[in-house]
Every structure is written in C-alpha cells, then in structure tokens.
Amino acid sequence: MIEGLKSNTSGITKKYYLNLAIIWTSLIIISVIWNIYQTREETIEKARIEARTIFEHNIAYRRWNTMHGGIYAPVAEKNQPNPYIVDPNRDVTTTNGIKLTLINPFRMTKQAYELLQEQSPMPTINRTVSLQPLNPDNTPDEWEKKALLEFEKGRSEVSEITTINGNPYMRILKPYITVEGCLKCHGFQGYKVGDIRGGMSIAVPMNPYYASEARTWKTIAVTHLLIWLVGMGGIVMLTRSIKRQQQKTEESESKFRTLSEFAHDWEYWVKENMEIVFMSPSCEHITGYTQEEFLNSPHLLCDMVHPEDKVVCGEHMADFRAPQHEEMEFRIIAKDGQVKWLSHVCGPIYVNGQFLGRRVSNRDITDRKMLEEQLIQSQKMESLGLLAGGIAHDFNNLLTAITGYSSLLQEEIGNGSDKTKRYIQNVLNASEKAQNLTSSLLTFSRKQIIKPSTISLNEVIKNISGLLQRLIGEDIELRLKCSDVEFPVFGDAHQIEQVVMNLATNARDAMPSGGVLSIETTPAMLDSEYTEKYGAKHGKYMMISISDIGMGIDKKDMVHIFEPFYTTKEKGKGTGLGLSMVYGIIKQHDGFINVYSEKNIGTTFKIYIPAAHKVEDAKKGDVDYKYKTEQDFRGNETILIAEDEESVREFLRDVFEAYGYQVIPAMDGEDAVSKYNENKERIDMVILDVVMPKKNGKEVYNLIKETNPGIKILFISGYTQDILTSKGIYEEGLEFIAKPLEIRVLMAKVRNILNNQPG
C-alpha cells in the first residue's frame, strides 16, 4: 500500500514539476522574445531619433545659411557657381580680385555630406528631393517619391527600414517648409511662406545599431538563462517540499482510507440534520447498499431498521447531542432482504468546542447471534434428549415386565379361552407399539444401540433406491447422483437407511401433487470454523443432500422441526418423531445436519457424516434362532442377575426359574459383587444391568473379571450407547441385549453364551 502510495505521489509530483517547468520555461521564452522585440524596437527608434536629430541639425544649419542670405565662397574646381540659383548677386569679385560664388543651404549640405562619404565607409546619407526639382540631382527615388506623396495627404514624417546597396538603413523623410529666406531663390517657382517645397531624405546605416543590438541580445539570453536556471532550482526545491508534504498528507489519508476500506465494522459520521459526512465502504458488505446510495438517501439509515426495532432505535437516537449512548443491538433488513443483527455504538464529535454530529460504529453480529441461537437450540435439544432418554429407560424397564409377564401368561393359559388370548395379545401389541415409541425416543436421545462398520453411503442409497421409488410413488421423480469420489464412513447402514427413508417420506408428503426428489452424495473437506458451529470436528466428511420442490417449511417452524412430538402435519398423520430420530442418528454418528427451506420453493436437508479413520468390520449381534422349541431354551445353570429395577429383576427371576435355571438376584452393583464372591464356585453366568446404583455394570464386570477372567457375562440396558462407548464395553466385544427384553430373544442369547456360541 505504501509503495503504491509513493508511486502515486511520485507520479503526481512529476506531473506537477513538469507543469511548473513548462510554465516557467514558457515565461522565460516569452520574456526573451519580448525583450528581443523591445530591443529591436528600441534599436529602430534610436536610428530614427538619430535621423531626426540629423534632420534638425541640417535644418538649423540651413536656416543659419538662409538667415544670412547664403554665404560666399571662392570659386574653385569643386565649387563652381550653382546654375540653379536665380540671383543677380550669385557671383561677386572681391576688391583684391577673388571671385566668389553664392552657396545656398542645399549646396552647403551637399558638400558637407560629400566630405562625410569620403571619410566614412558607411556614412549617413542626406539628400534634398522634390517632386518639382530644379536640380536633377534632387529627383526622388521610388521610396522618396511615395513619401513625398504622403506629405500631400498631411503626413509630417515618413520613416522605414530599407536596403541601400545591400545594407540596411533607417530612412526618414521630412518636409521642407518655405520660410521668408527661401523666396530669394525659390520665389520664382511660386512658393509662398509655409508651403512644402520637397523634403530632406536622411538614411542612417543600421549595421552599427544591429551590432549593438546583437550584444544586447546575448546579454538578454545569458541573463534569462541564469534566471531560468535559478527558477528551475527553485521549482525543484519547491517540488520536493510539496512532494514531502503531499506524501505525508497522502500517507495519512491512505492510512485512514485503508482503515476505512478494510474495516470490518460499518463506520459513518452523520450530522444532526441526518446529512452523512462520511460512510465507510464496509457498509456495502454488511447492508448491501453502497456508499453512494447512503450519501444520496440518508433516510436509508432509518428505513432499513427492522420494524420491530424501530421504536428502540428511535428512542436511542432521540437525544442526538447526548455525550454518550449505551451500546445496543438491533436488526436491519439488508438490500437482499436478509435480516442481520448489528451491535451499535455511537458518540458525539466535537472540534474546538463545536458539535459536528455523531460517529457511529456498527458491527455485524449475525453469526454470533446465530451461534447463540444454535447453542440455545443445541442445549434445548440436549435437555430434551436427556429427558427423552431417561423416560425411555424407565419405560423400557416397565415394558420389560409388562411384555415378559404377558408372554409368560400367554404360555401359561395354553389352550385357554379365545377372549383371554385376545386380551393378552392386545396387551402384547400395545407393548410392541410402546417399544417402538421408546425406540424413537432413544434414537433422538442418541442412547440406542448402533452396529457400526465401515460402509459406503453410495452403496447404502443404491441398495434402497427401489424401495424409495415405491415409497414416494409414481408421480414423484427420483433423481440419484452419487459422487465418483467417496470417503468411507463408520456407521450403521440400517440407521442411515432409516434417515434417508424418513426424509424421503417427508419430501413425499411435501409434494402432494408430485415433483422431484433429489438425493446426492458429495465428499467434503470442512474446516474448524465451519464445523465448530455444530459442535463437530473438522476433517473429511461425506454429505448426503436430500432435496424436494415441495411446500417448504415456515421460518417459525424451523427451530422446532427436530424436537420430539413436534409436527406440522394434520392430527393423526404424524407422530413428530421422524425428524427427531434423524437428528439423533446423525448426532450419534458424530455428524450434523443443515436445513435450507423456502416457502413454496422446496427444502434441502444436508447431512454430514465424518469419514472413517480406519476400516473396521461390523460387529454382528443378531441372535441365532436355531432354537425352535421351548425345550431348547431350558437349562440348569446358576445365573447371577444384577438389576436395580425390582419389577425387571423379579420378572427375570421368574422367567429363568421357569426354564429350569437357578437365579441369584442382586439389587445394585455392590450387592452383585458381594453375592458373586459368596457364590462364585457355582455361578455359571452373570447378567448385569449397565446403569445401576453404587457400581455400574462395567465396574462390576471389571471386579468379577479379576477373580474369574473367563466368566460369561451378558449386559442389559434400556439405554446404553453412552455407557458402552465411554466404558469400552462395545469395543471389547462384550455381549449385550437391549430392553425391553423379549423372552425368546433373551433365552436364545443366554443359551448361546452358555454353549460358547456368542451371537
């Protein structure tokens, strides 16, 4: 970020430097051009001034000559009488015989400039010209002729830079104004005082001026170069200073912008009139609305508050200038309609004692709220599970006595009346339904016995696909998609089948007019951040997705769907135990389940079961029913029975004694250990309830095993999965049978153990 900032600052500074350099250089160039231009104008003006000065001098000399009526000079080779002077006194002879001739102003000037031409390589040129010359030498050239014509238009002077003999000259032509002294020689031409009678043409050579100008140009160039260098140095220093200042400013702004743009919390600054001064970009990922939308529509801050929380928020912000507001939590409805929880903190902003509004910080705590709700739900489900498990355990003890004695009674009456048989059979049928109910409760409470092995979920689903199709009916399309890549799982195939069947049945009921049921398996790698929400471990999982396009589940029902006896179906069409059993089975497999549902769109259950860490064979516990007659169950061995529930203990004693066995009853764990030690020489087998007062069944087993490692043991319980797993009973391969006990199954199991043929 800082490197990018430096690059950006460097780019801006370079651009700024170039602009200043270009402007400064342009100013210097303009100044040079202007000074050169001014120098040229001054040079021309100097030459023009010189020409005017020469003209004024010449006029003065000529006036002096005219004032004296001309001057006489001896006639000589270069001073012959002027034939163009019309004056009877043009030529005179002195008393000593010297011939003199009159020299008028024109000749005086002409002779003077002839001498100048002889002594100077580039002299000033002076001519008298007229449109009506008496002397042909005064005939004007083209430039002079044009200038003389300008006099007739009222011009008093004509000047211009022209070339004479290849050299530049400043030429100036000014008119001759007739004065009284001029009429002596020119009066015959009709001139009067004040008339223009031609003009004086003066040409000043420019080369000396241009040479001086060139030296001035060099001075200008050198001076401006020095000024340019000094200016560029100043620009460089100024630019560096600006660059440092800009960099400090931009670094500060960048830090603020970076904090603002990458802040997870939603920050903003709002004035008392609800004008938004600042809105952090994080507003978009929390609310779905952009900065521009908030800045253009500040009322969104209030409009998005959940209707049920508007009053609380209004009261919170009522005293806008309050020094501090307590932290609060409320809900908003995001742009996509999602309800989110915010933790809101705000405080006043004062600068130099002036109140500028409030700074607000909102944190999205939706995940935390969901976790809290999940925790509460999990605790509730755990409590319900404990309650259900306890009820089922106690109920199984009662059912053991009810079904057991009913079976004994059924055998006792033998060929009794049909009515009596029917009564007993009704008791047994009711007991069987009660057993199914307790089995469901145990499944929910995760206390039922499972028979896990390393299985393929793909194979489990494929094996029951035909049954599923018959179950859901012809008007529902079954779509199976099993992943090509699969993680084996350690689970009870029968229980997994029950999960799929239950969910398929629910999906069928949600699509009374037909539809599509999709079942899909997918491998997944889940991180701890995801699995911690469900109290599961991270790692490899297999997911079973079961989706329908049915009626969906109301949001108010979603938090209750796994609770036992909770159902949304009509009375008589559901027990409310189906999903609670699904929940218990998946939890017992150390997995978890997600539900996604929208009303009138459909429902998807996603079941995650952890992959197996090692391959283990299934533990087979099915009873071998090779015993066909009552005589096959009989024996004469001695059995110690430890059961804390008196009705079950008495039932077991009656049953075993009825089949010829000798029974030693024990009412708890300590009593069982004591009676075994007293009678260990004649005890052939021990039946232990897993959960008993004082010592549980596993503790009794461990003590007996120290004395007799080969003792034959059978565990019984109404709910034992937690004990079996935590105490190692299941892993050690110990024999077990679940309550409620069926006489034929129990006697067959006991006979197998005594005959060294464990199931």
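The values are calculated or read from the model by the stated rules, or taken from the named source; none is laboratory data. Bear in mind that the values here come from a model prediction, so they are computed numbers and not experimental data. Please note: Cβ atoms are built from the backbone with ideal geometry, for glycine as well, and neighbour counts cover all protein chains shown.
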Note down all Cβ pairs under 9 Å where the first residue falls in the range 366-381 and is under 11 Å from residue 559 (Cα atoms), the second is modelled with pLDDT of 65 or more and in a helix (DSSP H, G or I), and they're at least six residues apart or on different chains.
374/533; 374/534; 378/534; 381/580; 381/583; 381/587
Can you tell me which residues in the range 479-507 are buried (at least 16 other Cβ atoms within 10 Å of the Cβ) and of a type in the set (Val, Ile, Thr)?
489, 496, 499, 500
Pairs only if they're at least six apart or on different chains, beta carbon under 6 angstrom, first in the range 168-185 and within 13 Å of residue 63 (Cβ to Cβ) and among the small types (Gly, Ala, Ser), second assigned to a helix (DSSP H, G or I) and at pLDDT 70 or above; list them, first residue then second.
181/66
Residue that is nearest to residue 746 (Cα to Cα) [pool: residues in the range 647-692 that are assigned to a strand (DSSP E or B) and touching a Leu at 6+ places or on another chain (Cβ under 9 Å)]:
687
Pairs, first among the basic types (Lys, Arg) in the range 53-81, second part of a helix (DSSP H, G or I), C-beta under 9 Å, six or more apart
62/105; 62/106; 62/108; 62/109; 63/105; 63/181; 78/111; 78/114
Pick from the range 640-657 the residues that are of a type outside the set (Asp, Glu) and in contact with a Lys or Arg (Cβ under 9 Å, 6 or more places away or on another chain): which of them is modelled with the lowest pLDDT?
648
Flag if residue 49 is modelled with pLDDT of 80 or more and touching a strand residue (DSSP E or B) at 6+ places or on another chain (Cβ under 6 Å):
no
Kindly indicate whether any position in the range 337-345 is among the small types (Gly, Ala, Ser), surrounded by 16 or more Cβ atoms within 10 Å (Cβ to Cβ) and in contact with a strand residue (DSSP E or B) (Cβ under 9 Å, 6 or more places away or on another chain).
yes
Among (1) outside the structural domain of residue 512 (by TED's automatic domain parsing); (2) at pLDDT 85 or above; (3) not aromatic (Phe, Trp, Tyr), the one test that residue 602 misses
(1)
Could you please let me know if residue 145 is closer than 19 Å to residue 196 by Cβ and assigned by TED's automatic domain parsing to the domain that holds residue 197?
yes
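Given 468, 480, which one is under 17 Å from residue 607 (Cβ atoms) and under 42 Å from the mean Cα position of the chain (by Cα)?
480
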Quick one: would you say residue 243 is at pLDDT below 85 and surrounded by 14 or more Cβ atoms within 10 Å (Cβ to Cβ)?
yes
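If I ask for residues that are of a type outside the set (D, E, K, R) and either under 60 Å from the mean Cα position of the chain (by Cα) or over 17 Å from residue 134 (Cα atoms) (or both), which ones from the range 81-100 would you list?
Listed by number, the residues that qualify are 88, 89, 92, 93, 94, 95, 96, 97, 98, 100.
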Against the condition part of a strand (DSSP E or B), touching a residue at least 12 places away in the same chain (Cβ under 8 Å) and either of a type in the set (Ser, Thr, Tyr) or buried (at least 18 other Cβ atoms within 10 Å of the Cβ) (or both), how does residue 127 come out, does it pass?
yes
Among the residues in the range 161-168, are any assigned to a strand (DSSP E or B), surrounded by 14 or more Cβ atoms within 10 Å (Cβ to Cβ) and at pLDDT below 90?
yes
Cβ-Cβ under 9 Å pairs, at least 6 apart or on other chains, the range 319-334 side part of a loop (DSSP other than H, G, I, E, B), far side hydroxyl-bearing (Ser, Thr, Tyr):
327/343; 334/287; 334/289
For the range 469-479, how many residues meet the condition of being touching a helix residue (DSSP H, G or I) at 6+ places or on another chain (Cβ under 8 Å) and within 18 Å of residue 543 (Cβ to Cβ)?
0
Are any of the residues in the range 677-700 modelled with pLDDT of 75 or more and in contact with a Pro (Cβ under 9 Å, 6 or more places away or on another chain)?
no
